[in-house]
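A quick write-up on the structure given underneath.
The values are calculated or read from the model by the stated rules, or taken from the named source; none is laboratory data. Quick caveat, the model's predicted, so the values are computed rather than measured. Methodologically, a virtual Cβ is constructed for each residue, glycine included, from the backbone with ideal geometry; neighbour enumeration extends over all protein chains shown. Accessible surface is based on the protein model in full, side chains and every heavy atom, while ligands, DNA and RNA are left aside. Shrake-Rupley method; radii C 1.70, N 1.55, O 1.52, S 1.80 Å.
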Amino acid sequence: MEKITLIDEKIYKKWFAVAPGVWGIHDVLVNMYLIHQPANNSWVLVDAGLKTSAHKIIQVARHLFWPQVTPSAIILTHGHFDHTGALPALLKEWDVPVYAHYLEAPYLTGRSAYPPPDPSAGGGLMTLLSWTFPRQGINLNGHLLMLPEDGSIPGLEGWRYIHTPGHTPGHISLYREHDQVLLAGDAFVTTQSEALSHVITQSKKISGPPKYFTPDWISAESSVKKLAALQPRTVATGHGKPLAGQAMQRQLLLLAENFEKAARPTSGRYVEEAAVAGVNGVEYIPPANNTRWWLLAGAFALAVAGIWYARKPANNSYDA
Ligand SMILES: [Zn+2]
Ligand SMILES: [Zn+2]
């Protein structure tokens, strides 16, 4: 029988359904979402992935929403590089507003950089590599608008946003009340984002926000508690696959109840003291915690010395 092929199979494999009218796109290690608004046949984009994501987003939007290929707005859960990467290219194509929480504005207007990532927070290779991740914001002047303070989201009826700081100061999550769909950004994630192997395989586990890029653990904990209290039926996050059902709900409650053990790093730069931020961006950053690096360097030096000593020809006495 003749094989029926998709218009663009590669693109098709990059998007997935989350809930009625909600789709996700996965690119390398991060997700972004498209939400349809049936009342006026418009749609919004939530987050904008990496630089490489622009082409995929445009292709998927054409596929899903033709001829309504331009969104009414772009909503940002937060401004990290892996959630804003495609914006320069997208905004060349689409002249649309980008909405964010006002406490995220300093990192979206070039006024402030995020606090440095913490490679000493533990959890895997992604954490160790995190010192290479860009922490500079992006300048969206001319496009950036602040989300209304009443929790509503322009262009999205039936949805509201919830301020969920901790991972970043102006981080938000999006919630649709009637079927309890939650887009949680990086407030928590559905894979273990510190381990590269888990990020690639997208193993399913409700986990705290990425350890290496979360500079306020007290706020992060109350944000997860706030989201767990909603008892969402479907969750889709910045990293990992969308999850639904009772096992997910149980895992989310467990994470909220045992946040300190389950999510907070045992040591690291921001564990004892949080970074402080205000309307103009970062105001205080705790000093780097270098003890672990010195211990690692010491262990490495001892190992090298041990190998050198073991390889040294033995000074025996047979010659005598
Ligand atoms: Zn993030
Ligand atoms: Zn992220």
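Assorted remarks:
- Rounded percent of accessible protein surface that carbon and sulfur make up, the stretch 9-302, 1.4 Å probe: 57
- Using a probe of 1.4 angstrom and keeping all protein chains present, the accessible surface of the chain works out to 50 square angstrom per residue.
- Only beta bridges with both residues in the stretch 57-170 are counted; by DSSP, about 40 percent of them are antiparallel.
- Taking the centroid of alpha carbons for each part, the stretch 70-120 and the stretch 121-135 are 21 Å apart.
- Simple rule: put +1 on each Lys or Arg Cβ and -1 on each Asp or Glu Cβ in the stretch 9-302, find the dipole, and look at W159, V189, I200; the Cα lying farthest toward the positive end is I200.
- Rough spin-label spacing in nm, given labels placed 7 Å along Cα→Cβ, for A17 and D179: 0.9
- Karplus 3J(HN,Hα) series, Hz, for the stretch 192-208 with 6.51 cos²θ - 1.76 cosθ + 1.60 (x for Gly, Pro): 8, 6, 7, 9, 4, 4, 5, 5, 6, 7, 6, 4, 8, 7, 5, 10, x
- Label zone at H63, where the point sits 7 Å out along the Cα-to-Cβ direction: the stretch 222-261 residues whose backbone N lies under 15 Å: none
- Residue of H163, H63, H78 that the Gaussian network model of the chain assigns the largest fluctuation, springs spanning Cα pairs under 10 Å: H63
- Listed residue (L227, G170, G281) projecting farthest to the positive dipole end of the chain, Cβ model: L227
- Gaussian network model of the chain, Cα within-10 Å springs - most flexible of A301, A89, A184: A301
- Across the alpha-carbon set of the chain, the Rg to Rh ratio works out to 1.08, Rh being the Kirkwood radius.
- Counting DSSP beta bridges with both ends in the chain, the antiparallel % (nearest 5): 75
- Around the amide H of T191, modelled in the peptide plane, lie the amide H atoms of K205, S207, all under 5 Å away and 5 or more residues distant in sequence or on another chain.
- Calculated mean residue ellipticity, 222 nm, the chain: -8000 deg cm²/dmol, from DSSP H runs (n ≥ 4) at -39500 (n - 2.57) each, averaged per residue and rounded to 500.
- The figure for R135 is an accessible area of roughly 80 square angstrom, using a 1.4 Å probe on the protein chains alone.
- Most mobile of I206, I307, I25 in a GNM of the chain (Cα contacts under 10 Å): I307
- Heavy-atom SASA rank of Y161, Y175, Y102, Y284 (probe 1.4 Å, accessible area, largest first): Y102, Y284, Y161, Y175
- The long axis of helix 217-229 is offset from the longest Cα principal axis of the chain by roughly 40 degrees.
- Two-site label geometry, Y309 and R111: point separation in nm, points 7 Å out along Cα→Cβ: 5.8
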